[in-house]
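Q: Got a structure for you, written out below as structure tokens; questions coming shortly.
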Amino acid sequence: MAVATRAPVGPSLDELRRIPPFAELDEAALAALRTAVVTRSFAPGQIIFFEGDAAPGVWFVRGGRVRIFKLARDGREQVLCVAQAHTCAGCPLFFGGTNPASAEALDYGTLYYLPSATVEALLPAYPQIGAALLRVLAERQRVLVDVATTLVLRCVAARLAQVLLAESGGAAGAAVGLTHAELAQRVGVAREVVSRALSRWSRDGILTCRRGSIVLHDPSALQRHLGGRPA
């Protein structure tokens, strides 16, 4: 696991409640959970944990974005998701095991880390904490199923359109701050494939490619690709 700077201030109870699975914990359980939290800061590009390393706990994003990705033997990356504030950034399935993917900070941000050994000690007195963590794991499983479904069942154009619409909020005139290489990682294809699709959509007036960003002009045209027609 990567070494990071420890932030000086831990979370308040209200901050922990902003993480959806913890919102329903009673005051005593939330206060006990707070004693287990380790707060750490990360800089853009810093690796939070590596795939295959021991995973002795669970990470949650307090602020900033975290890219969760897998690296193939040929060096290609597949981004599984980008974790936002108040969501889980790494939960290997809690008690033991290894990280199933790697995580990288995309912004200056802060994360909460829950060491599994500390949380295990709390469970006999506060079983609702265990139930909350199971909800976290169920949500992460749903995310991974969505990724697998997209990769298997949708063509490149549909996957690319899905990323652009999600990052822009589907708003005309919105700029997506991703490079062609970053989009390729998100979609799971070579950069050249993404560049060809974007060039075609640029010629059709659907979007404009700029250095380091893409401006959407016709989100409805991208929405039509979500039916999965060939690129």
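The values are calculated or read from the model by the stated rules, or taken from the named source; none is laboratory data. Here the structure is a predicted model, which means the values were calculated and not measured. Using ideal geometry, Cβ is built from the backbone for each residue, glycine included, and neighbour counts are taken over all protein chains shown. Surface accessibility is based on the protein's heavy atoms, side chains included, excluding ligands, DNA and RNA. Shrake-Rupley method; radii C 1.70, N 1.55, O 1.52, S 1.80 Å.
Q: What's the extension gain from residue 208 to residue 120 if we count 0.36 nm per residue and subtract their Cα-Cα distance? Kindly include the intermediate steps, with their values, before the conclusion.
A: Details: separation 88, 0.36 × 88 = 31.68 nm, distance 5.13 nm.
Gain on stretching residue 208 to residue 120: 26.6 nm.
Q: How high is the relative contact order of segment 4-143, given as a whole-number percent (alpha carbon pairs under 8 Å, six or more residues apart)?
A: Normalised by residue count, the contact order of segment 4-143 is 31 percent.
Q: Please list, in order, the residues from segment 40-68 whose amide nitrogen is less than 16 Å from a point placed 7 Å along the Cα→Cβ vector of residue 179.
A: 44-46
Q: Please say if the chain is rounded, prolate or oblate, where rounded means a/c under 1.5 for a ≥ b ≥ c the square roots of the C-alpha gyration tensor eigenvalues, and otherwise the choice is prolate for a/b larger than b/c and oblate otherwise?
A: prolate
Q: Which residues' amide hydrogens lie under 5 Å from the amide hydrogen of residue 217, considering only partners 5 or more residues apart or on another chain, with H built in the peptide plane?
A: Hits under the 5 Å cutoff: 173, 207, 208.
Q: Further question: Can you run phi through the Karplus equation (6.51, -1.76, 1.60; θ = phi - 60°) for segment 27-42 and list ³J(HN,Hα) in whole Hz, with x for Gly and Pro?
A: Once rounded to whole Hz, the list reads 4, 5, 5, 5, 5, 5, 4, 4, 5, 8, 6, 10, 9, 9, 10, 9.
Q: Which cross-chain or sequence-distant (5 or more) residues have an amide H under 5 Å from the amide H of residue 81, H modelled 1.01 Å from N in plane?
A: 68
Q: Using a 1.4 angstrom probe on heavy atoms only, work out the carbon and sulfur share of the accessible area of segment 165-231 in %.
A: Accessible surface attributable to carbon and sulfur in segment 165-231 totals 47 percent.
Q: Given axes a ≥ b ≥ c from the Cα gyration tensor, I'd like to know whether segment 164-231 is rounded (a/c under 1.5), prolate (a/b larger than b/c) or oblate.
A: It is rounded, given that a/c, with a ≥ b ≥ c, falls under 1.5.
Q: Could you check how much of the accessible area of segment 30-78 is carbon and sulfur, as a whole percent, using a 1.4 Å probe?
A: 53
Q: Just want the answer: with Cβ charges of +1 for Lys and Arg and -1 for Asp and Glu, which residue in 28, 175, 131 is farthest toward the dipole's positive end in the chain?
A: 175
Q: Another one. Where only protein heavy atoms count, and the probe is 1.4 Å, what is the accessible area per residue for the chain in Å²?
A: That works out to 49 Å² for each residue.
Q: Whole angstrom only: what separates the Cα centroid of segment 45-72 from the Cα centroid of segment 159-220?
A: Each part reduced to its Cα centre gives a spacing of 25 Å.
Q: How many nm separate the modelled label positions at residue 70 and residue 142, each set 7 Å beyond the Cα in the direction of the Cβ?
A: 2.1
Q: Follow-up. Can you list the residues, at least 5 places off or on another chain, whose amide H is less than 5 Å from the amide H of residue 46, using H built in the peptide plane?
A: The answer is 105.
Q: Another question, if that's okay. In deg cm²/dmol and to the nearest 500, what is the mean residue ellipticity at 222 nm of the chain if only DSSP H runs of at least 4 residues count, each as -39500 (n - 2.57), divided by the residue total?
A: Result for the chain, helices only: -11500 deg cm²/dmol.
Q: Hey, got the dipole for the chain? About the Cα centre, +1 on K and R Cβ, -1 on D and E Cβ, debye to the nearest 20?
A: 800
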